[in-house]
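Just so it is clear, none of the values below were taken in a lab; they were calculated from the coordinates. No experiment lies behind these values; they were computed from the predicted model shown. We place every Cβ from the backbone using ideal geometry, glycine too, and count neighbours over all the protein chains shown.
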Amino acid sequence: MRATWTAAVLTAALGLTTVTAVSANVAGAADTAAATAPRPAAVAQPTAGLPSVPDPTKTLDVLGALGGVLKLVNSLVASATPPSGTPDPAALQKLLDDLTAAVKDLVGKLPLPPLPPLPVSDTPRTAPSTLPVPVNPSDALAKVQKDATDLVAAATAAKPDPSAVQKVVPPLSVDSVAATVATTTSLTDVPPVGTAVGPRP
């Protein structure tokens, strides 16, 4: 059951990335065809604002690291709730250490977020956007790591309480899905072509 849940999360992540990349390719092809067709110069379509297609090699590298994180989360839940009812503290600690290393590795592979365009003095101010701010994948992964730490603490308590362990599993599951979505979204969150960006710190 847990393996099925992990597979479903990865399938959703891969599907989201594939659909987004294909959409970007289709949009780019359509704009290219439109740009090569004869038209008056006054109505030529600008190229600024077209989405960039993510590097497929880096995308697969990130998704592979994400799969490793989810696999360790799955193993942690299985080890914290064994059929015998008695978790192995040493095994849980090892899995937690491996998860910490895997999260660090994944964060290191994530693309840098795009910076906002440089301000232009003659551009009038506009109303602030009402769109929700996307979740930072690093923050989402940090929540997964905290949930995993809480799970290990509950499972290895001096007097383990099965109900206390079970209470930690749903937040870990929800945060794992949120981290998956945030990570896959970050792969397509690239600055548009022609957008001016400031220097990286």
Quiz prompt | Partners for residue 104 among lysines (Cα-Cα distance below 25 Å; same-chain residues under 8 apart left out) | solution = 58, 71, 94, 143, 146
Quiz prompt | ³J(HN,Hα) computed for each position of region 72-86 - Karplus, 6.51 cos²θ - 1.76 cosθ + 1.60, integer Hz, glycine/proline x | solution = 5, 4, 4, 5, 5, 4, 5, 6, 7, 10, x, x, 6, x, 10
Self-check item: Highest-first arrangement of 164-177, 139-152, where packing means the average Cβ count within 10 Å
Solution: 139-152, 164-177
